[in-house]
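Quick notes on the structure that follows.
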Amino acid sequence: MIGNVFSPWYAGARARSSAADPLDHCGLNVALYGPRGRHWMLTERRREHVHRESDRLTLGPSRVEWNGGHFTFRIDEVTSPLPSRVRGVVRVYPSALASYRTALDREGRHHWGPIAPHARVEVEMERPGLRWSGDGYVDANAGSAPLEDAFSGWSWSRAGIRGGTSVLYDVMRRDGTPHTLALAFDASGDERTVPAPPRVALPGTRWGLERSTRADANCQPAVLRTLEDTPFYARSLLDTRVLGTSTTAMHESLSLDRFRSAWVRLLLPFRLPRAPRGFTRSDRQCR
């Protein structure tokens, strides 16, 4: 993240000055889920820890590289709130790169688009020791204003379907106007707009966050696992049927009304620590 949209420090800097520097609030978010537990990392890096090149982004001791054919994520991070070191390499091999981009708000300040709607992912972690390969996806959001000013929330899902990938995106704009994207991407990265399936309610989370998704008519999706359960955000795996394909979907629900509340922002530093100035010993070793 270049300018971490969920950072309480970035929010504070913006409140003090309209010239707040997004490069002073960056981070690599890594989440691992497995039989041996969960590992969550999003340490906020200051400007002096961030280095950008045409094919490389360095964030403290971690970096992301593009070699023209695949992405390589070299991860060296510390979990939170309980600290432990996580190291490893993730490689993402897109079947194709997509050119689709669209504005999510009326003013055109927030854009979204998939970079690789379908990809093969190879994971080789040193700490914890694990290897995995399978289906993957890469997308990007970009904006020039705080998310919570433009939206009250959204519901999003991505699933593999016959012949490609589906993305279903319901955006709740702050002005009350709904905005829905229903897209199918083929293996070449080309998109087509499809009729939006019916909206279906899902069980709420332990924090009382409402969830919903879209699925084919007469299908009631089931929550297989809630991967992240926070006061304002939930990430889940769904057993569902989309565009005629029975599939497992990655789903997220975001409440920016919850996020902008004072009590939630008081909790955020426990999950989003901010690195001190200067490099740590592990930073120097990784460079």
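Remarks
- From the list Arg56, Arg14, Arg45, the one residue that fits, being under 24 Å from Pro146 (Cβ atoms), in contact with an Asp or Glu (Cβ under 9 Å, 6 or more places away or on another chain) and of a type in the set (Lys, Arg), is Arg45.
- Selection of first residues in segment 211-230 that are touching a residue at least 40 places away in the same chain (Cβ under 8 Å) and on the phi < 0 side of the Ramachandran plot and of second residues that are among the hydrophobic types (A, V, I, L, M, F, W, C) and exposed (fewer than 14 other Cβ atoms within 10 Å of the Cβ), restricted to Cβ pairs under 8 Å at least 6 apart or on distinct chains, gives the following pairs, ordered by first then second residue: Arg211/Ala201; Ser212/Ala201; Leu227/Ala31; Glu228/Ala31.
- Any chance Val167 is within 22 Å of Arg56 (Cα to Cα), aliphatic (A, V, I, L, M) and in a strand (DSSP E or B): no
- Only listed residue being at pLDDT 95 or above, surrounded by fewer than 19 Cβ atoms within 10 Å (Cβ to Cβ) and either in contact with a helix residue (DSSP H, G or I) (Cβ under 8 Å, 6 or more places away or on another chain) or of a type in the set (Gly, Ala, Ser) (or both), chosen from Ala116, Ala150, Ala140, Ala159: Ala140
- Number of positions in segment 183-200 that are farther than 10 Å from Pro117 by Cβ and part of a strand (DSSP E or B): 4
- When Gly34, Gly88 are checked against the criterion of being touching a residue at least 24 places away in the same chain (Cβ under 8 Å) and buried (at least 17 other Cβ atoms within 10 Å of the Cβ), a single residue qualifies: Gly88.
- In the set (1) touching a Pro at 6+ places or on another chain (Cβ under 9 Å); (2) within 16 Å of Leu254 (Cβ to Cβ); (3) in a loop (DSSP other than H, G, I, E, B), Pro231 fails one condition alone, (1).
- Within segment 1-41, considering residues that are in a strand (DSSP E or B) and in contact with a helix residue (DSSP H, G or I) (Cβ under 9 Å, 6 or more places away or on another chain), the one farthest from Arg271 (Cα to Cα): Ile2
- Number of the condition not met by Ala262 [criteria: (1) modelled with pLDDT under 95; (2) closer than 23 Å to Ile115 by Cα]: (2)
- Among the residues of segment 91-104, those identified as buried (at least 18 other Cβ atoms within 10 Å of the Cβ) and part of a strand (DSSP E or B) are Arg91, Val92, Pro94.
- Of all residues making up segment 50-88, the number that are more than 21 Å from Arg120 (Cβ to Cβ), out of contact with any Pro (no Cβ under 9 Å at 6 or more places or on another chain), not in a strand (DSSP E or B) and not hydroxyl-bearing (Ser, Thr, Tyr): 3
- Qualifying residues in segment 268-284 (those that are part of a helix (DSSP H, G or I) and not aliphatic (A, V, I, L, M)) - the one modelled with the lowest pLDDT: Arg284
The values are calculated or read from the model by the stated rules, or taken from the named source; none is laboratory data. The model shown is predicted, which means the values in this text are computed figures rather than measured ones. No Cβ is skipped: glycine too gets one built from the backbone with ideal geometry, and neighbour counts run over all protein chains shown.
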